[in-house]
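Structure record follows, encoded as structure tokens.
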Amino acid sequence: MINRAAGNLSRAAIGAVVAACLAVAPVCDAMAQARPRQIRDAEIEATLRAYADPIFAAAGLDTSAVQVHLIQDKRINAFVSGGMQIFVHTGLLTQAATPNEVIGVLAHETGHITGGHLSRFDEAIENATIESIIGLLAGVAIGVASGNGAAGAGAATLGQSIAQRNLFQYTQAQEGAADQAAYTLLERTEQSPQGMVDFFKILSRQEALSSSSQDPYLRTHPLTRSRIDASEAAVTRSPYAGKTDSPEMMMRHERMLAKLNGYLEPLGRVMQMYPESDTSVPARYARAIALYRTSRMEEAIAVMDSLLAEAPQDPFFLEQKAQILYENGRVADSIPLYQQALDLAPAEPLIRMELATAQIQLGDPALLDPAAAHLTEVVRLEPKNSRAYDLLGQAYFNQGNEPMATLARAEAMLARGKAKEAKRLADRAMAGLPEGSPGWLRAQDIQFVADQADEDE
């Protein structure tokens, strides 16, 4: 399920924006008007993890500590910010013909992390929420896991004064060093550098364009003849130069592109890209999603059923059909499918959260305990997922457990960087929780963290 979310800027991020504005103003309004969003989807995130985790491990990084975030923006771009956070535009994915091209970019960005190339900027926003970083970078206050579209309105004006491309100006030396790190990581993971050469060719076609028409990646990661020559030399000396992506990885890539196109392109464009005569799995997947988005539910379900007939144990096909049913009011019918998807992919927090959402929405008191259990697991895996805390609070409230509902709301506020509100709610939760209980102790922790955040502001 592709999910868009909103957030707000923290003071730490605002400070970084102001500093950057002083350094680079004035900037182009067009980027702010584009209004990128961060989107989440279990299948796409699983695919990006399959690309990135071997690279992170080869770099000696904790794979669970490095996160890859997806931004809805047709322009080609990727960058590192906020510590070990990599941000990738949907435009980069849809322009990449193979997984190897995306993996090359991820290896390059990992080189920026291991090289410490953004240490000064990262220090300024190290403790900022992902919502803050997205608001800072995209020019609008929109981020991860908050369902409140109005939450970032106050920061939008500020965001319009800064363009994402101006925040990350790497030196040629840093670009070269990140490329060299990427070649090393690709060799360690027995992959070809050819994807980097192919990606540079995509960028080189844009060099003749005016700066306002170029993709941000070309300006934040300047493409030089020496970089292109180095990439070609890396292919020549690589023992894996001729190695190509496996059929399984190519299918994952094509499904990811089909899903992005199905969700983000108009139906007419999708039908041009994936005509009815194309009966491949990615084509049917894209058409099913595009049909569902245009309220043609029965047609969408029929296509999903054809996919499930061929792959009945595919968790993401099950999840997609469940979403179509859920969003068309068939909540009860969606729950068994979400459960099957989760049984097949128990490590996917987004599927778990979708199941819990449907369980709460159905209004059956017997489903509130399992919903709360699922959401407790989600926030264990994603402790800054404010939307999951909102849902957990709703589950507790529906059970009549107001102190725990208040505690969950305090967690949500803390995840959004709203320290004062988090402390206020934690105080209220403590008043209703047994002293020394796990919930009471967690409320104390929230108070302490909120106090520290107040001191830092």
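Quick note: the coordinates plus some simple rules give every number you see, no bench work behind them. These numbers come from a predicted model, not from an experiment. As a convention, Cβ positions derive from the backbone with ideal geometry for all residues, glycine included, and neighbour counts pool all protein chains shown.
For LYS321, which lysines qualify as cross-link partners when the Cα separation must be under 16 Å and same-chain residues fewer than eight apart are set aside?
The reachable lysines, counting only those whose Cα sits under 16 Å from LYS321, are LYS259.
How do the peptides 371-377, 175-181, 315-321 rank, highest first, by the average count of neighbouring beta carbon atoms within 10 Å per residue?
Taking the mean over residues of other Cβ atoms within 10 Å, the ranking is 315-321, 371-377, 175-181.
Neighbour counts of other C-beta atoms within 10 Å: give me ASP278, ASP41 arranged from fewest to most.
Lowest to highest Cβ neighbour count: ASP278, ASP41.
Would you mind calculating the gained length between THR236 and LYS201 on full extension (0.36 nm times residue separation, minus the Cα-Cα distance), in nm to one decimal?
Between THR236 and LYS201, full extension yields an extra 10.9 nm.
Give the calculated FRET efficiency between GLN180 and SER280 to the nearest 0.05, with a Förster radius of 22 Å applied to their Cβ-Cβ distance.
That gives a FRET efficiency of 0.05.
For labels at MET271 and ARG225 in the simple 7 Å Cα→Cβ model, what's the distance in nm?
Taking the two extended label points, one gets 5.0 nm.
Report the calculated FRET efficiency for ASP305 and GLN452 (r = Cβ-Cβ distance, R0 = 60 Å), to the nearest 0.05.
E between ASP305 and GLN452, to the nearest 0.05, is 0.70.
Roughly how far apart, in whole Å, are the Cα centres of the range 275-337 and the range 359-428?
One Cα centre to the other: 30 Å.
What order do you get for MET297, MET304, MET404 when you list them from fewest to most C-beta neighbours inside 10 Å?
MET297, MET404, MET304
Which order do the peptides 103-109, 280-286 take when ranked by the mean count of other beta-carbon atoms within 10 Å per residue, highest first?
103-109, 280-286
If a/c stays under 1.5 just call it rounded; otherwise compare a/b with b/c (prolate if a/b is bigger, oblate if not). Do that for the range 379-452, with a ≥ b ≥ c from the square roots of the Cα gyration tensor eigenvalues.
Oblate.
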